Amino acid sequence: MIFEAEWVLPITSPPLAQGAVRVVDGRIDDVGPATELRERHPDETVTNFHHAILLPGFVNAHTHLEYSVFRGFLDNLAFPEWMLAFIGARRRLNTDDYTASAMLGAMECVGSGITTVGDTMSHGQATLEATKTFGLRACAFAEVFGVDDANIPSVLRNLDQRMERFRSIAGPLTRLGVSPHAPYTVSGALYRALMAYSMGAGVKMATHVAESKAEATFVRNGAGVLAHDFRELVGWDEVPWMPTGTSPVKYLEQWGALNSNLLAVHCVQVSPADIEVLKRNDVTVAHCPKSNAKLACGIAPVADLLAAGLRVGIGSDSLASNNLLDMFGEMRVAILLHRASQQDTERLQADQVLRMATLGGAQVLGLDDLVGSLDKGKRADLIAVDMEYSHFAPIDDPVSALVYGANQEDVFFSMIDGNIVYSRKKFADVDVGEITERAMAARARLR
């Protein structure tokens, strides 16, 4: 099967005008000018998308699909207050609600061109069922909490049981991982134990780190909302915490939690010295520009992270802190916030943020041998973006057009692992109305 479009963006090579991609048995078999592919494969079925851009599916490096029904629920709170309100609200939902919520999020991903997610799971079953239903590729991280070191053996036993159960539920395109939540909810000793666990099990580890000033204040000084209101709310007020006098990044390094197996999510409150620590330990980073901005956490120094040679992907975070699962918006906000805050147009370019949203995301999830670019031999995760609309005219540079002008509604075709999961605005074998109705019922319980 050959797919043709006015533009093909391989990511690892320059854009192809009037390009084409050949897909055979779920993998990319050939990429090049459309006329040449037709000549090389004269008997192949051809689909011509005409005035469209064909590119690899987006890799959303950090999500929480099970929180999708929280969209717009906590819109006007800064991070510390948001966290307190969110903890209380999430207790109102049951397992069925979280499954309905994850289904809604997975549906939005597929319809907006996201073909791979790095999802952090609290409940687990919800995300695994949703990604399997929609055929999404996923690296699904089992979230872990714990501040009392006396409980570490039981925490690890519980994790083992959860991972075994998750393996029985996960679809064929899902890889499991482990996610200690954050430095204010996981002790240093547990971080070290979880890194050892993940390395022994051969799975990726991800963690939220350096997301907010509140986190940095807690780790360094043992003070602030996270030291008092938060710990009292979750029942940890009697568990001692010793201020570290250092940054969250350096704290994790002290406990042996930084290496190439770690995906560091956020990295907003990082200094040049922290970036050097991340680089020295070959840590990968998920940049979540819209969530960080909405919760008033700040702007991650993404250009500095890239300049240091770190591998960086883009994530949306959850719909509890971001109203859209839209990678076009994430790319656009990432580059515009950088340029506005730094008054610099040179250090972060459109092709860099597109790469972060595709191949960069695949790299940080350890999936770049499979997806993230249109290279021969990789799995066929493709999307097509409609350029018929006026906001695309005229086009000289398709990468610039995507980053600065496109949105999730422009996606009309998504293929994952060679299977067409979304075409002409329709999902394959999915009852959109039922999923939406179940999600709305779950949302009603939050009011």
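The values are calculated or read from the model by the stated rules, or taken from the named source; none is laboratory data. All of these numbers come straight from a predicted model, not from anything done at the bench. Note: ideal-geometry Cβ built from the backbone for every residue, glycine included; neighbour counts use all protein chains shown.
Tabulated values for the structure
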item: Matching residues, the range 311-348, being free of Cβ contacts under 8 Å to residues at least 40 places away in the same chain and either among the aromatic types (F, W, Y) or surrounded by fewer than 20 Cβ atoms within 10 Å (Cβ to Cβ) (or both); result: L336, R339, A340, Q342, Q343, T345, E346
item: Residue among A214, A201, A210 that is surrounded by fewer than 24 Cβ atoms within 10 Å (Cβ to Cβ) and in contact (Cβ under 8 Å) with a residue 40 or more places away in the chain; result: A214
item: Test result for L65, under 30 Å from H228 (Cα atoms), under 20 Å from the mean Cα position of the chain (by Cα) and surrounded by 24 or more Cβ atoms within 10 Å (Cβ to Cβ); result: yes
item: Filter result for L93 (in a helix (DSSP H, G or I) and in contact (Cβ under 8 Å) with a residue 24 or more places away in the chain); result: no
item: Subset of the range 96-119 that is touching a Leu at 6+ places or on another chain (Cβ under 8 Å) and not in a helix (DSSP H, G or I) - its residue that is surrounded by the fewest Cβ atoms within 10 Å (Cβ to Cβ); result: S112
item: Test: D237 is in a loop (DSSP other than H, G, I, E, B) and buried (at least 24 other Cβ atoms within 10 Å of the Cβ); result: no
item: Residue in the range 104-120 that is touching a His at 6+ places or on another chain (Cβ under 6 Å) and small (G, A, S) present; result: yes
item: Neighbours by Cβ (under 9 Å, 6+ apart or cross-chain): first from the range 31-44, of a type in the set (S, T, N, Q); second at pLDDT 95 or above and part of a strand (DSSP E or B); result: T35/Q18; T35/A20
item: Count of residues meeting criterion [surrounded by fewer than 20 Cβ atoms within 10 Å (Cβ to Cβ) and within 20 Å of the chain's Cα centre (by Cα)] in the range 246-279; result: 2
item: Sole exception among (1) under 17 Å from the mean Cα position of the chain (by Cα); (2) surrounded by 24 or more Cβ atoms within 10 Å (Cβ to Cβ) for M415, by number; result: (1)
item: Verdict on G361 being of a type outside the set (F, W, Y) and at positive phi; result: no
item: The range 346-393: number of residues that are touching a helix residue (DSSP H, G or I) at 6+ places or on another chain (Cβ under 8 Å), at pLDDT below 95 and more than 20 Å from G298 (Cβ to Cβ); result: 4
item: Conditions (1) within 21 Å of M195 (Cα to Cα); (2) in contact with an Asp or Glu (Cβ under 7 Å, 6 or more places away or on another chain); (3) among the aliphatic types (A, V, I, L, M); number of the one not met by L226; result: (1)
item: Strands (runs of 3 or more DSSP E) wholly inside the range 364-447 containing at least 1 residues that are assigned by TED's automatic domain parsing to the domain that holds A126; result: none
item: Matching entry among D29, D25, D43 (being charged (D, E, K, R) and either under 14 Å from D375 (Cα atoms) or touching an Asp or Glu at 6+ places or on another chain (Cβ under 9 Å) (or both)); result: D29
item: Some residue of the range 71-90 being in the same structural domain as I299 (by TED's automatic domain parsing), within 16 Å of the chain's Cα centre (by Cα) and not aromatic (F, W, Y); result: no
item: Residue among V249, V265, V277, V234 that alone is β-branched (V, I, T) and at pLDDT below 95; result: V234
item: Residue check for G235: over 19 Å from the mean Cα position of the chain (by Cα) and without any contact (Cβ under 8 Å) to a residue 60 or more places away in the chain; result: yes
item: Among (1) modelled with pLDDT under 95; (2) more than 18 Å from the chain's Cα centre (by Cα); (3) not in a helix (DSSP H, G or I) - the single one H123 does not satisfy; result: (2)
item: When residues of the range 385-408 are limited to those that are exposed (fewer than 14 other Cβ atoms within 10 Å of the Cβ) and charged (D, E, K, R), the one farthest from A130 (Cα to Cα); result: D396
item: Residues satisfying the stated conditions in the range 411-447, i.e. over 15 Å from G135 (Cα atoms), of a type in the set (V, I, T) and touching a strand residue (DSSP E or B) at 6+ places or on another chain (Cβ under 6 Å); result: V411
item: Subset of the range 23-62 (residues that are buried (at least 20 other Cβ atoms within 10 Å of the Cβ), within 30 Å of S179 (Cβ to Cβ) and of a type outside the set (G, A, S)); result: L55, P56, F58, V59, N60, H62
item: Tally, over the range 155-195, of residues that are part of a helix (DSSP H, G or I) and either crowded, with 22+ Cβ neighbours inside 10 Å or in contact with a Cys (Cβ under 7 Å, 6 or more places away or on another chain) (or both); result: 5
